[in-house]
1. Taking the condition of being surrounded by fewer than 16 Cβ atoms within 10 Å (Cβ to Cβ), small (G, A, S) and within 17 Å of N99 (Cα to Cα), how many residues in the range 20-69 meet it?
2. Give the residue that is nearest to Y7 (Cα to Cα), with candidates limited to residues of the range 56-77 that are of a type outside the set (S, T, Y), under 9 Å from the mean Cα position of the chain (by Cα) and at pLDDT 95 or above.
3. Here are some residues: F98, F92, F104, F80. Which one is touching a Phe, Trp or Tyr at 6+ places or on another chain (Cβ under 6 Å), surrounded by 15 or more Cβ atoms within 10 Å (Cβ to Cβ) and at pLDDT below 90?
4. Only one of these is farther than 17 Å from A95 by Cβ and either of a type in the set (S, T, Y) or without any contact (Cβ under 8 Å) to a residue 12 or more places away in the chain (or both): E39, E2, E48. Name it.
Amino acid sequence: MESRLIYESNKIYIDKIIWNIFRNDSEWIFLGIDKETDEKKLQKIINENFHEESLYFVTTRNDSVQISKKDISKKIAENFRNIDIFIWNESFKKAIEFNKNEVFRIGNRFL
């Protein structure tokens, strides 16, 4: 799928996500990572939440891509402090949003 279509799909489905609630009645979780452990912690979050081998990495209309699960943590680590990132499974039913404020949230889209 081309970048524009991935980005537009994200815009359509993001309002249909029901975000999981964690501590203190908040959907946001602090990443608490540093430059040395970014990729390992990010890969753990991805592996715990996605079983698919291919995921969508969504940032902007021109820079959204389909990427393998094993390569996605590096791409997230390179970008998450500068821009908000959405990671989706191939069916756009599960998402993780990484906010540039070093927090993230996990949710599902129900039909």
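The values are calculated or read from the model by the stated rules, or taken from the named source; none is laboratory data. This one's a predicted model, so the numbers in the text were calculated from it and none came from an experiment. Don't worry about glycine lacking a Cβ; one is built from the backbone with ideal geometry, like all the others, and counts go over all protein chains shown.
1. Of the residues in that region, 2 qualify.
2. Keep residues of the range 56-77 that are of a type outside the set (S, T, Y), which gives 57-58, 61-63, 65-67, 69-72, 74-77.
Filter again for under 9 Å from the mean Cα position of the chain (by Cα), leaving 57-58, 76.
Cutting the leftovers down to at pLDDT 95 or above gives us 57-58.
On the way: F57: 9, V58: 6 Å.
Among residues in the range 56-77 that are of a type outside the set (S, T, Y), under 9 Å from the mean Cα position of the chain (by Cα) and at pLDDT 95 or above, the one nearest to Y7 (Cα to Cα) is V58.
3. Details: F98 fails: at pLDDT below 90; F92 fails: at pLDDT below 90; F104 fails: at pLDDT below 90.
Only one candidate qualifies: F80.
4. Details: E39 fails: either of a type in the set (S, T, Y) or without any contact (Cβ under 8 Å) to a residue 12 or more places away in the chain (or both); E48 fails: farther than 17 Å from A95 by Cβ.
Sole residue among the options that is farther than 17 Å from A95 by Cβ and either of a type in the set (S, T, Y) or without any contact (Cβ under 8 Å) to a residue 12 or more places away in the chain (or both): E2.
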